[in-house]
1. Taking the Cα atoms only, what angle lies between the long axis of helix 259-270 and the longest principal axis of the chain, rounded to 10 degrees?
2. Quick one: divide the alpha-carbon radius of gyration of segment 97-146 by 2.2 N^0.38 Å and tell me what you get.
3. Using the structure shown, list the pairs from 54/93; 72/209; 72/204; 35/73; 54/109; 32/184 with a Cα-Cα distance above 26 Å, or answer none.
4. Can you work out the base-10 log of I(q)/I(0) for the chain at q = 0.13 1/Å, using the Debye formula on its C-alpha atoms alone?
5. Would you mind classifying segment 1-121 by shape? Square roots of the alpha carbon gyration tensor eigenvalues, ordered a ≥ b ≥ c; an a/c under 1.5 is rounded, otherwise it is prolate if a/b is larger than b/c and oblate if not.
6. Among 101-108, 180-187, 223-230, how do they line up from the highest to the lowest mean number of other beta-carbon atoms within 10 Å?
7. Under a crude label model (7 Å from the Cα following the beta-carbon direction), how far is residue 71 from residue 159 in nanometres?
8. Once Lys and Arg get +1 and Asp and Glu get -1 on their Cβ, which of 87, 147, 135 lies farthest toward the positive end of the dipole of the chain?
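A short reminder: the numbers here are calculations on the coordinates, not readings from a lab. None of the values given here were measured: they were computed from a predicted structure. Neighbour counts run over all protein chains shown; Cβ positions are idealised from the backbone, glycine included.
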Amino acid sequence: MEWKYATTYELEKIIKSLKSKNSYGYEEISNKIIKLSTPFIISPLTYICNEILKTGIFPDRLKYAIVRPIFKKDDKHETSNYRPISLLTSFSKIIEKLIYNRLLLHLDKNNMLAKEQFGFRPHASTEQASYTMMNGILTELNDNRMAGGMLCDLQKAFDCVNHETLIDKLEFYGIQWKFKILIKSYLTERFQKVTLGNTIENSKSSKWKQIRNGVPQGLILGPLLFLIYINDLPSTTEKDVKMILYADDTSILIMGANKRDFNENCKKAFQVKVPYQQHSCHIKGTVSATLLS
């Protein structure tokens, strides 16, 4: 993997890209304050960032996250209907963006991310994923073949990432030496606490707890690490079984020349569950096996 130190120009560009929000992590320093302070802190910040890249050590004080549950839908009394969003320190976002840029450049340059993945990637969208799915179905219909679909949702996807497995996959994709050590440092010894309430006066918080598995949601680097973690999922399928992924949402297009082949391919498609059940991941899915011919 190509190694590149940070420049003041790169850091200024990253800081400008941050949203001018007043929200903050446990350190109570918002993006807005950092943007206003940029002319005064840019030089020492560049030095600190390069020391982090050089040593492969992610600062411990930047690994503390406040988790706020965001309601999604249905019953508000069900905890499963809330999505956890991590509020990290603003300085952590800057360093994460540095790591993200170098990691994504390496993956794109070597064409490593699965073409079936349309989530969390530049120039990819849900529209492209939908088009790929519809085009596959119509192609099968034009060839007088049968087609069906299986829709899967990986429950608590970000929380089920096994750190050791992720580090092994990073090394497989050529992320080695100091950069691998840095990402391992980023993942380990992380702490979080859950906070309810919008203001300091009326908020209630749990105690700090160490995170053993998973990558943080709502951050910059977490989604890309998750894509690497599931990047080999499309390669587990065989002929006439095609995956279209958008992050952890997976659509499986199942095809067959006749009913017997179609049913056999449906059985093969269910086998994609196996590798992820080993790491406490559960797949929630609905199967649409309407035969189109």
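1. The two axes meet at around 20 degrees.
2. Against the empirical 2.2 N^0.38 Å value, I get 1.57 for segment 97-146.
3. Details: 54/93 18 Å; 72/209 24 Å; 72/204 21 Å; 35/73 35 Å; 54/109 22 Å; 32/184 30 Å.
Correct reply: 35/73; 32/184.
4. -1.00
5. It is oblate, given that a/c is not under 1.5 and a/b is not larger than b/c.
6. 223-230, 180-187, 101-108
7. About 2.0 nm, to one decimal.
8. 87
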